[in-house]
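The values are calculated or read from the model by the stated rules, or taken from the named source; none is laboratory data. These numbers come from a predicted model, not from an experiment. Counting neighbours? That spans all protein chains shown, and the Cβs are built from the backbone with ideal geometry, glycine included.
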């Protein structure tokens, strides 16, 4: 990478794009409104990985954004956003706690990390209720659903359950052997993992499976086949990584596949120059990163592209912070979360 010359990394533009999206999504991204908590994490994560969080987040915005996240808190976890309770979708709209809406496992994972970026103390978190929610999301077959009884289990929720257990430093709330059996059943003949058992190998679920196993301090069986499949996702023109065999490259899979290889200690098998070049081409001229060159940017692809760049050692001039590939946040943010979520009060203060 020493002689790699990439287009200028528009860090200021990407940060500005995410700050704008924190205050309200543009019309082109209205379909993402149902995942507003995840968008908050991607936006704040971008500020974190670019080293911009401390000087770009004013004390007023820091408190306002923390307040909005906690306004989505119900006993045992977080909601995707205020729309779940019929309220406004504005980021700063406060809502009263709901008695009927159930916490969402993926959004709870996103909220915990977003709060860590904002350096919250988690004083409002009911640790015991959070553990009960995670355990309640586990189905009889070992998989996890978005909330208890939802019937939509796949490896994304398994990963989020494992990540929350790791942050809590408490695995007693889940049936770990059944969960591991579910992960194994998602493995395919190619070496990757499908989103559900008997599914096609996909880059995202493969990352989720590997990260979940390593969070539980376990190693996958037959990992060499997984490495081979992941490396072959780059076997195409342009240098980007694809999410499935014989598909076009997508910037987000630059993270899912490279992070999976990093977990297995094999990320150096990728053509890092080509990948970084592809990610640079996906930059939008006014800020933000898109799934492919020429597409509209969004916070999801912006964050994951930057996360991928930190993993494959992009141009040092980009000035990115080191990433923890298991929990998908900067090392400092992961450290903050681990030190405080695991010792949070068992009863909320409010």
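Identify the residue in segment 281-305 that is over 18 Å from residue 248 (Cα atoms) and over 16 Å from the mean Cα position of the chain (by Cα) and, among all such residues, is surrounded by the most Cβ atoms within 10 Å (Cβ to Cβ).
Only one residue fits best here, namely 288.
Go through (1) assigned to a helix (DSSP H, G or I); (2) within 19 Å of the chain's Cα centre (by Cα); (3) surrounded by 23 or more Cβ atoms within 10 Å (Cβ to Cβ) for residue 278 and report which single condition fails.
(2)
Which residues, counting only those in segment 114-134, are within 14 Å of residue 166 (Cα to Cα) and crowded, with 24+ Cβ neighbours inside 10 Å?
Passing the criteria: 130, 134.
I'd like to know if segment 222-234 contains one or more residues that are closer than 30 Å to residue 138 by Cα, in a loop (DSSP other than H, G, I, E, B) and touching a residue at least 24 places away in the same chain (Cβ under 8 Å).
Within segment 222-234 (the criterion being closer than 30 Å to residue 138 by Cα, in a loop (DSSP other than H, G, I, E, B) and touching a residue at least 24 places away in the same chain (Cβ under 8 Å)), the answer is yes, since at least one residue qualifies.
Kindly establish whether residue 124 is more than 16 Å from the chain's Cα centre (by Cα) and modelled with pLDDT of 95 or more.
yes
When you go through 29, 44, 22, 49 one by one, which is the residue that is touching a strand residue (DSSP E or B) at 6+ places or on another chain (Cβ under 8 Å) and in contact (Cβ under 8 Å) with a residue 24 or more places away in the chain?
49
Considering segment 284-304 alone, what residues qualify as being in contact (Cβ under 8 Å) with a residue 12 or more places away in the chain and over 12 Å from residue 17 (Cβ atoms)?
291, 292, 293, 295, 304
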